[in-house]
Every structure is written in C-alpha cells, then in structure tokens.
Amino acid sequence: MTGQETVSITPDLMLRAYRAGLFPMAPDARSDDLEWFYPEMRGILPLDDGFHASRRLMRTVLSQRFEVTADHDFPAVMDGCAEPAPGRENTWINPRIRALFCQLHAMGHAHSVEVRHEGRLVGGLYGVVIGQAFFGESMFSRMRDASKVALVHLVARLRLGGFTLLDTQFGTAHLAGFGGVEIPADDYMRLLGRAVAGQAAWVGNDEGARLHAALLALRGGVDGAGG
C-alpha cells in the first residue's frame, strides 16, 4: 500500500511514520515527491540464531581486507546508495530524501556503516534507529562482498547493542541468503510496537574488542561455503 504526502514532511514526522509502520520513498531521483509505503508483507532479518552467513564471507569479514566504521561519512554512504547500478538504474533517493535522512543522522536517529578498501569507500549501508528497532534503508557495493561485510557488521552491532528488530522493508533473494524472511504486516506491527518501546544502544567505533567478539559469535551461524 502506498500514499502520497499531504503535509510537510519533517524529521519528526518521519520518526512518527516509522513508529506507525510507514516508510518514505521518492518515485525517482529527479522527482521532488515522496510516497509512503506500508507493505502487506514486511521483510525482516533475524538478529538471533536465524541470521546466517557463509563461511567464506565470515572469513572475509574477520580478515584485514576491509576497514569497517560507523557514522564516519553518512552523506557519502547515501550518495553511494543513490548511484545507478546494474539492475537498479533508477534510484528512489532524491535530494529531498537525502536531506531528511541527513537531518535524522544529525539528530542521532540515523546511522551508517562504511566499508573501505585501501582508504576508498567501496560499500556501506544506512538506516533509521528508534528504540530497539533498526530500519534498514539501502546498501551499496563497489567491490565484491563490500555490502555483505557491511551487513554482517551491522548485525553484530545491533546484537551487541540490544536491538530486537532489523526491518528490511521488502524481502529479497539476496537477504533470504542471510535468513531474511517476509511476515504479514499485523505480525510486523506487533514486533515493531515492542521494539520502539524498548531501549538499545548504537555501538560506535570505540567498541573494537566487543565488536570483534560479536563478529566471532556470528560464526556459529555460518551456512555452507558459498557467498
């Protein structure tokens, strides 16, 4: 289900909408319009033992191949997500969306995970945080495994910080490979209500040892040798 906006959209209105199960997208990058979405089937990624990653990917995550940070360059991650890519020639991230999410980031309600290789930003993701819920918005990759590494790091941070819900908006075959599922909107709203009423802590870049331990714990959910 979608709906056109009827009132001026502010960061506070965005937060109220997320609490109500809605999220905004633009028709395309050139449009100044926003539309509200409330899918009948909602994608989520488990933060418990339902999450799994391949052995090969976990070896990459735990190697020194990539440098992974959080909130070092939120705007650059949004710009990466807005880039055209094979199979995604048009983006829903327009300048208005970018400005709103950057404001949420300044308020502490939106966070990014950056993945760099030899100092160059090669992947990442971003999303909105309310209570114990993380609303994943988009991810990008300019190098093999970069977005997957960002996702594994995100899950480790969310588990470490006490989050209970990772909303992926829609289900995809890519996310299903990590354990992602789609659930009816009514079930999602029950999970959402509990999550936004709780408290969690976003794990920053000063928690290196604890984050490494959380990543090691994810090895227990490996799935085969593929990627």
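The values are calculated or read from the model by the stated rules, or taken from the named source; none is laboratory data. Predicted model, so just to flag it, every value in this text is computed and none were measured. These accessible areas exclude ligands, DNA and RNA; they are computed on the full protein's heavy atoms, side chains included. Shrake-Rupley method; radii C 1.70, N 1.55, O 1.52, S 1.80 Å.
Assorted remarks:
- Listed residues 105, 153 arranged by accessible area, highest first, probe 1.4 Å: 105, 153
- Computed over the stretch 10-69, the range of Cα coordinates on each principal axis works out to 42, 28, 21 Å, biggest value leading.
- Counting DSSP beta bridges with both ends in the stretch 116-169, the antiparallel % (nearest 5): 75 percent
- With one equal scatterer per alpha carbon and no solvent term, the Debye-computed log10 I(q)/I(0) for the stretch 122-165 at 0.15, 0.16 1/Å reads -0.36, -0.41.
- Diffusion coefficient, µm² s⁻¹, Stokes-Einstein with Kirkwood Rh over alpha-carbon pairs of the stretch 44-103 at 25 °C and 0.890 mPa s: 168 µm²/s
- In the stretch 69-186, one over the average inverse separation of all distinct C-alpha pairs is 14.7 Å, which is the Kirkwood hydrodynamic radius.
- Where the chain is the region considered: accessible area per residue in Å², 1.4 Å probe: 45 Å²
- Accessible surface of residue 51 - all protein chains present, 1.4 Å probe, nearest 10 Å²: 10 Å²
- Ranked order, 59, 142 - accessible area, probe 1.4 Å, largest first: 59, 142
- Share of carbon and sulfur in the accessible heavy-atom surface of the chain [1.4 Å probe, %]: 52 percent
- On a per residue basis, the convex hull of the C-alpha atoms belonging to the stretch 154-212 measures out at 88 Å³.
- Convex hull of Cα atoms in the chain, direction-averaged projection (nm²): 11.6 nm²
- Histogram of C-alpha separations across the stretch 138-187, 10 Å bin width, %: 21, 52, 25, 2
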